[in-house]
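Here's the structure, in structure tokens; my notes come after.
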Amino acid sequence: MPTIMLRKFEKVCAIIEKHHADPARLIPILQEVQEEYRYLPEEVMAFVATSLGLSPAKVFAVASFYAHFALLPKGKYVIRLCDGTACHVKGSNGILEALYKKLKVDAKNPTTQDMLFTVETVSCLGACGLAPVVVVNEAVYGQMTPEKALKLVDEMQMKEDGTDVSGK
């Protein structure tokens, strides 16, 4: 393989080596690659396939089968809003509309232009007692309202801008 190609995929090569280039380890390999890129770029999946001796179609089939894998770029902050029964009844739709409006995204284009935020809905987050629930990356926020969700986004934006959340 050409040196330029190896350099471009240096981190992917390290992940593959860590798993001993074992095709049976495809899912953990894809999980780690996704952690690195925040999604699974097509060219990276093709590289993984070649490196493991699998067809690109097989790797794509696995990546597209599991909901955990993302085939499109995601923002630094992935905001998952529960739309299960308990959350829906307690107003998750209003939260979604507020987030879409503030971040200028929608279901077809869920990621902001600056790649900072992605808004997704999920069927259930398993925290019905906290409904409505929002998860940002791994942090869980319960009893959410549209106002609280917008304040949360403002705090993340201020953190990215280097502004103190208290306004100082």
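The values are calculated or read from the model by the stated rules, or taken from the named source; none is laboratory data. Keep in mind the model is a prediction, meaning the values are calculated, not measured. Using ideal geometry, Cβ is built from the backbone for each residue, glycine included, and neighbour counts are taken over all protein chains shown.
Given the options Lys148, Lys168, Lys159, name the one that is modelled with pLDDT under 95, assigned to a helix (DSSP H, G or I) and among the charged types (D, E, K, R). Break it down into steps so the answer makes sense when it comes.
Values: Lys148 fails: modelled with pLDDT under 95; Lys168 fails: assigned to a helix (DSSP H, G or I).
Answer to the check: Lys159.
Taking helices (runs of 4 or more DSSP H) that do not extend beyond the stretch 1-110, which have at least 3 residues that are out of contact with any helix residue (DSSP H, G or I) (no Cβ under 7 Å at 6 or more places or on another chain) and not acidic (Asp, Glu)?
Working: elements: 3-8, 10-18, 26-37, 42-52, 56-65, 85-89, 92-103.
Correct list: 3-8, 26-37, 56-65, 85-89, 92-103.
Look at Leu30 and say whether it is over 24 Å from Thr111 (Cβ atoms), in contact (Cβ under 8 Å) with a residue 12 or more places away in the chain and under 21 Å from the mean Cα position of the chain (by Cα). Talk me through it step by step, then tell me what you get.
Working: over 24 Å from Thr111 (Cβ atoms): no; in contact (Cβ under 8 Å) with a residue 12 or more places away in the chain: yes; under 21 Å from the mean Cα position of the chain (by Cα): yes.
Judged against the criteria, Leu30 is not a match.
Among the residues of the stretch 111-127, how many are charged (D, E, K, R) and assigned to a loop (DSSP other than H, G, I, E, B)? Full working, then the answer.
If we filter the stretch 111-127 for residues that are charged (D, E, K, R), which is where we start, we get 114, 120.
Remaining after also requiring assigned to a loop (DSSP other than H, G, I, E, B): 114.
Total satisfying the criteria: 1.
Results for (1) of a type in the set (Lys, Arg); (2) more than 29 Å from Met158 (Cα to Cα); (3) modelled with pLDDT under 95, shown as yes or no for each residue.
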position	(1), (2), (3)
Gly53	no, yes, no
Val59	no, yes, no
Leu72	no, no, yes
Ile79	no, no, no
Ser92	no, no, no
Ala98	no, no, no
Val105	no, no, no
Asn109	no, no, yes
Phe117	no, no, no
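Any residue in the stretch 128-148 that is polar (S, T, N, Q) and surrounded by 13 or more Cβ atoms within 10 Å (Cβ to Cβ)? Step through it out loud before you land on a result.
Initially, the stretch 128-148 is screened for residues polar (S, T, N, Q), giving 137, 143, 145.
Add one more test, that the residue is surrounded by 13 or more Cβ atoms within 10 Å (Cβ to Cβ), and what stays is 145.
Looking for residues that are polar (S, T, N, Q) and surrounded by 13 or more Cβ atoms within 10 Å (Cβ to Cβ), one finds at least one in the stretch 128-148, hence yes.
It is to be established whether one or more residues within the stretch 40-52 are surrounded by fewer than 12 Cβ atoms within 10 Å (Cβ to Cβ), of a type in the set (Gly, Ala, Ser) and not assigned by TED's automatic domain parsing to the domain that holds Met115.
There is no residue in the stretch 40-52 that is surrounded by fewer than 12 Cβ atoms within 10 Å (Cβ to Cβ), of a type in the set (Gly, Ala, Ser) and not assigned by TED's automatic domain parsing to the domain that holds Met115.
Assess whether Phe65 counts as being within 17 Å of the chain's Cα centre (by Cα), of a type outside the set (Asp, Glu) and surrounded by fewer than 17 Cβ atoms within 10 Å (Cβ to Cβ). Steps first, answer last, please.
Working: within 17 Å of the chain's Cα centre (by Cα): yes; of a type outside the set (Asp, Glu): yes; surrounded by fewer than 17 Cβ atoms within 10 Å (Cβ to Cβ): yes.
It is true that Phe65 is within 17 Å of the chain's Cα centre (by Cα), of a type outside the set (Asp, Glu) and surrounded by fewer than 17 Cβ atoms within 10 Å (Cβ to Cβ).
Across the stretch 76-112, what is the number of residues that are surrounded by fewer than 19 Cβ atoms within 10 Å (Cβ to Cβ) and either within 10 Å of the chain's Cα centre (by Cα) or aromatic (Phe, Trp, Tyr) (or both)?
Residues meeting the conditions: 4.
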